[in-house]
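The values are calculated or read from the model by the stated rules, or taken from the named source; none is laboratory data. This one's a predicted model, so the numbers in the text were calculated from it and none came from an experiment. Cβ: placed from backbone, ideal geometry, glycine included. Neighbour counts: every protein chain shown.
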Amino acid sequence: MRIILALLTVFLAGDAVAQAIDAPKEYRNCFILAHQKPEEGWEQALAWQSLGGGEPARHCGAVALISLGKYEEAAQRLEALAAESRRVEAVRAEMLAQAGQAWLLAGKPERALAAQETALQMAPGTPDLLLDKAVTLAQVHHYKDAVAVLSEVLRRQPNRVEAMTLRASAHRYLDQIPLAKDDIARALVLDPGFPDALLERGMLRRLDDDRIGARQDWLKVLELSHPDSAAAESARKNIEMMDVKK
């Protein structure tokens, strides 16, 4: 989850009580707790809000709810906050982006897309927002649309490795294998140790019946990734499936 600390001074401007208790420090501390110790983060957000923490406290509380797995409630709170906020549109768009991520985690991609579309209306062409939308489109198997959005991301940020990797995956699902190989090769030139790119190259190698190469890539993913990450889990499953078929 992206944290908008770069926009902190804008977000906090005008909250007199929050400023009196060193709001930037409070905001950072609250967000750290929201991610690392979400129950404590939630309690701190509630306490801060009771002291006049305003929008920053509500924002921190919503993020804590995401970490607690209460995705739908978090998404609703973030959407309400974005609608009511008096902050600049870039900040409100980021709130909606987080709402979109929460809706996706809640298994409601249509709601995620709606939040992401609204965010992009507030901040058109923002690469991070476009990437979020592409992830959701891929989730609902709209791979052609995902490719179009990712191509726009790469037009704006030509070396965005995450976008290249996701576009390679979308190309693979569309049976556009040469394009997928081109994207993943370029991604791994830019970042040879990017687990998602190694995972995808393993998929492409497996399609070419290159079992040795695929295994090497997936073992590398396991070496580089946190054991509980989605990339590691997918690598383990692919190795198991390949061994069973063999």
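Listing for the model above:
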{"item": "Entirely in the range 22-110, the helices (runs of 4 or more DSSP H) that have 3 or more residues that are aliphatic (A, V, I, L, M), over 17 Å from the mean Cα position of the chain (by Cα) and within 30 Å of A138 (Cβ to Cβ)", "result": "71-84"}
{"item": "Top-ranked residue of the range 204-220 - restricted to ones that are free of Cβ contacts under 8 Å to residues at least 24 places away in the same chain, more than 26 Å from the chain's Cα centre (by Cα) and assigned to a helix (DSSP H, G or I), ranked as surrounded by the fewest Cβ atoms within 10 Å (Cβ to Cβ)", "result": "I212"}
{"item": "Cβ-Cβ under 8 Å pairs, at least 6 apart or on other chains, the range 221-246 side assigned to a helix (DSSP H, G or I), far side surrounded by fewer than 17 Cβ atoms within 10 Å (Cβ to Cβ)", "result": "L222/R236; L224/G193; A232/H226; A235/L219; I239/L219; M242/R211"}
{"item": "Hits in the range 120-136 (condition: among the small types (G, A, S) and under 14 Å from the mean Cα position of the chain (by Cα))", "result": "A134"}
{"item": "Which numbered condition R201 misses (of (1) within 18 Å of A231 (Cα to Cα); (2) buried (at least 23 other Cβ atoms within 10 Å of the Cβ); (3) not assigned by TED's automatic domain parsing to the domain that holds I239)", "result": "(3)"}
